[in-house]
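First the structure, in the form of structure tokens, and then the observations on it.
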Amino acid sequence: MEIVDIHTSSKDYQVFIGENILRNVLPNLENFTKILLITDETVSKYHVNKIMNDLPQRIETVIYTTPSGEKAKTFQVYEDCISFALKEGLDRKSVILAFGGGAIGDLAGFVAATYMRGIPFIQIPTTILAHDSAVGGKVAINHSLGKNMVGAFYQPEMVVYDTSFLKSLPERQLRSGFAEVIKHALISDSDFLMQLMENVTSIDQVNGALLTQFLKQGIEVKASIVSQDERETGVRAYLNFGHTLGHALEAQAGFGELTHGEAVMCGMVYSLLLSKKIVGLEFDLHPFILWIEALGYKWRIPSNMSFEKIFELMKRDKKSISGKPTFVLLKDIGNPVMMEVDEKLLKDTFYMEQGE
Ligand code: NAD
Ligand code: ZN
């Protein structure tokens, strides 16, 4: 089992990573008055029996099951969770378990942050992508006018990454989550990137001990950034590498059409191209592109996307300042900078990546 310590200004906690670790790692939950397990339909179908077996029998556990994926992050589902918790009599000494991918972590974390002004919660992530979302304390639901527009900074008591739950992930979700591992390598360390490129030559290799190792390394990158900047006033923004375009593509395609990681991969290639043009990045893109293609990523911007619409969305990104799109660029692998980028360059690079 691997352990990563997370230090933030509001709380210190640990991330435990390994196969079949849940039963041994969960703290003495019997100190809590009740457990509310929040999960989605898909995760429940595969894993609810196992997790119920691993939880202590002497304390009552109630389960709230949401629709799968992004549909869990609505105001309606949020309200339903709160109503359920009230009817079941959860109090301030109860605990919420967020059992699912990033969507469930964000929703359940926001329920925990706000129920009776905040009760403890534990992240039990079940996707690769959640190595990013379960650490760092950002929790949120969506508004019809934008993703993650209502939320909080609220740290979990601990994160238990039992990789036995990841075995049921479909290939597309593996690929989506692995894009964020690649992001963590690109923004932090060329050795980490080389290790990934050498060891993972097809997406079905992303499992077992290798996966535990890469999750740990990705979490360490995130932990280091979050410990310097819990509330995103500075370096935490580097974690948005690839996301300015990525979020715009997701919104334009309709959330759920492109997976988050697919969109972020397009965005990362875009930011690498921009980085070469304006901050002197010398990284050789050709082998990188061949590698991500071998893993099954489609890195070109979909041909039905128009620059004008995407540009409008990028200007509205939460990170953009005074209406100008801001990008995380790389001077070198592991050396990110924030920068406003001029519209013409954005447009030329957009069409270049689209392949037209
Ligand atoms: P997700 O939770 O929607 O999961 C993706 C799909 O996989 C869903 O359909 C889910 O039901 C299914 N699934 C989950 N675990 C499974 C398993 N073990 N086996 C089979 N299927 C499984 O999405 P995600 O990709 O994990 O995360 C994306 C979400 O995370 C977005 O809402 C995004 O905004 C959020 N996010 C948050 C942060 C943060 O810092 N809070 C960071 C990155 C992303
Ligand atoms: Zn992301």
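The values are calculated or read from the model by the stated rules, or taken from the named source; none is laboratory data. Source: prediction; values computed, not measured. Quick reminder, even Gly has a Cβ in these numbers, built from the backbone with ideal geometry, and neighbours come from all protein chains shown. Protein only, heavy atoms only, side chains kept; ligands, DNA and RNA dropped before computing areas. Shrake-Rupley method; radii C 1.70, N 1.55, O 1.52, S 1.80 Å.
Please find, within the stretch 44-55, the residue that is nearest to residue 169 (Cα to Cα) out of those that are without any contact (Cβ under 8 Å) to a residue 60 or more places away in the chain and surrounded by 14 or more Cβ atoms within 10 Å (Cβ to Cβ).
Per the criteria, the residue is 44.
Counting only residues that are touching a strand residue (DSSP E or B) at 6+ places or on another chain (Cβ under 6 Å) and under 11 Å from residue 36 (Cβ atoms), how many does the stretch 86-113 have?
The qualifying residues number 9.
Looking only at strands (runs of 3 or more DSSP E) that fall completely inside the stretch 95-213, which ones have 2 or more residues that are within 11 Å of ligand 1 (Cβ to nearest atom)?
The strands (runs of 3 or more DSSP E) meeting that bar are 95-100, 121-125, 138-143, 146-153.
Conditions (1) under 27 Å from residue 342 (Cβ atoms); (2) touching a strand residue (DSSP E or B) at 6+ places or on another chain (Cβ under 9 Å), marked per residue:
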{"site": "257", "(1), (2)": "no, no"}
{"site": "266", "(1), (2)": "yes, yes"}
{"site": "272", "(1), (2)": "yes, yes"}
{"site": "286", "(1), (2)": "yes, no"}
{"site": "294", "(1), (2)": "no, no"}
{"site": "301", "(1), (2)": "yes, no"}
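Do we have any residue at all in the stretch 32-45 that's more than 30 Å from residue 236 (Cβ to Cβ) and part of a strand (DSSP E or B)?
Yes: one or more hits.
Out of the residues in the stretch 214-266 meeting the condition of being open to solvent by less than 50 Å² (accessible area, probe 1.4 Å), within 12 Å of ligand 1 (Cβ to nearest atom) and small (Gly, Ala, Ser), tell me which one is modelled with the lowest pLDDT.
The qualifying residue modelled with the lowest pLDDT is 251.
Just checking, how many residues over the stretch 274-284 are within 22 Å of residue 340 (Cα to Cα) and either part of a loop (DSSP other than H, G, I, E, B) or under 23 Å from the mean Cα position of the chain (by Cα) (or both)?
Total satisfying the criteria: 5.
Looking only at the stretch 72-100, count how many residues are more than 16 Å from residue 60 (Cβ to Cβ) and either open to solvent by less than 10 Å² (accessible area, probe 1.4 Å) or free of Cβ contacts under 8 Å to residues at least 24 places away in the same chain (or both).
Residues that pass the stated criteria total 10.
Within the stretch 323-340, can you find the residues that are in contact with a strand residue (DSSP E or B) (Cβ under 9 Å, 6 or more places away or on another chain) and part of a loop (DSSP other than H, G, I, E, B)?
325, the sole residue that qualifies.
Select from the stretch 103-129 the residues that are open to solvent by 10 Å² or more (accessible area, probe 1.4 Å) and among the hydrophobic types (A, V, I, L, M, F, W, C) and list them in ascending order.
Hits for the stretch 103-129 are 103, 110, 113, 116, 129.
For residue 207, indicate whether it is of a type in the set (S, T, N, Q), open to solvent by 10 Å² or more (accessible area, probe 1.4 Å), in contact with a helix residue (DSSP H, G or I) (Cβ under 7 Å, 6 or more places away or on another chain) and at pLDDT below 95.
No.
Being assigned to a loop (DSSP other than H, G, I, E, B) and open to solvent by 90 Å² or more (accessible area, probe 1.4 Å) is the filter here; which residues of the stretch 1-18 pass it? Write out each step before concluding.
Initially, the stretch 1-18 is screened for residues assigned to a loop (DSSP other than H, G, I, E, B), giving 1, 8-11.
Selection gives 1, 9.
Could you check residue 69 against (1) within 16 Å of ligand 2 (Cβ to nearest atom); (2) over 22 Å from the mean Cα position of the chain (by Cα); (3) not charged (D, E, K, R) and say which number it fails?
(2)
Of these, 49, 28, which one is at pLDDT below 95 and among the polar types (S, T, N, Q)?
One residue alone meets the criteria, 28.
Given the options 257, 262, 293, name the one that is touching a Ser or Thr at 6+ places or on another chain (Cβ under 9 Å) and among the acidic types (Asp, Glu). Please lay out each step first, then the result.
Working: 257 fails: touching a Ser or Thr at 6+ places or on another chain (Cβ under 9 Å); 293 fails: touching a Ser or Thr at 6+ places or on another chain (Cβ under 9 Å).
Step by step, each of 257, 262, 293 is checked, and only 262 is touching a Ser or Thr at 6+ places or on another chain (Cβ under 9 Å) and among the acidic types (Asp, Glu).
Condition (residue is of a type outside the set (A, V, I, L, M), more than 16 Å from ligand 2 (Cβ to nearest atom), closer than 23 Å to residue 97 by Cα and crowded, with 20+ Cβ neighbours inside 10 Å) applied to the stretch 164-185: is it met by at least one residue?
Checking the stretch 164-185: at least one residue is of a type outside the set (A, V, I, L, M), more than 16 Å from ligand 2 (Cβ to nearest atom), closer than 23 Å to residue 97 by Cα and crowded, with 20+ Cβ neighbours inside 10 Å.
Which residue pairs have Cβ atoms under 9 Å apart, sit 6 or more places apart or on different chains, and have a first residue in the stretch 219-244 that is among the basic types (Lys, Arg) and a second that is away from ligand 2 (no atom under 16 Å from the Cβ) and in a helix (DSSP H, G or I)?
236/228
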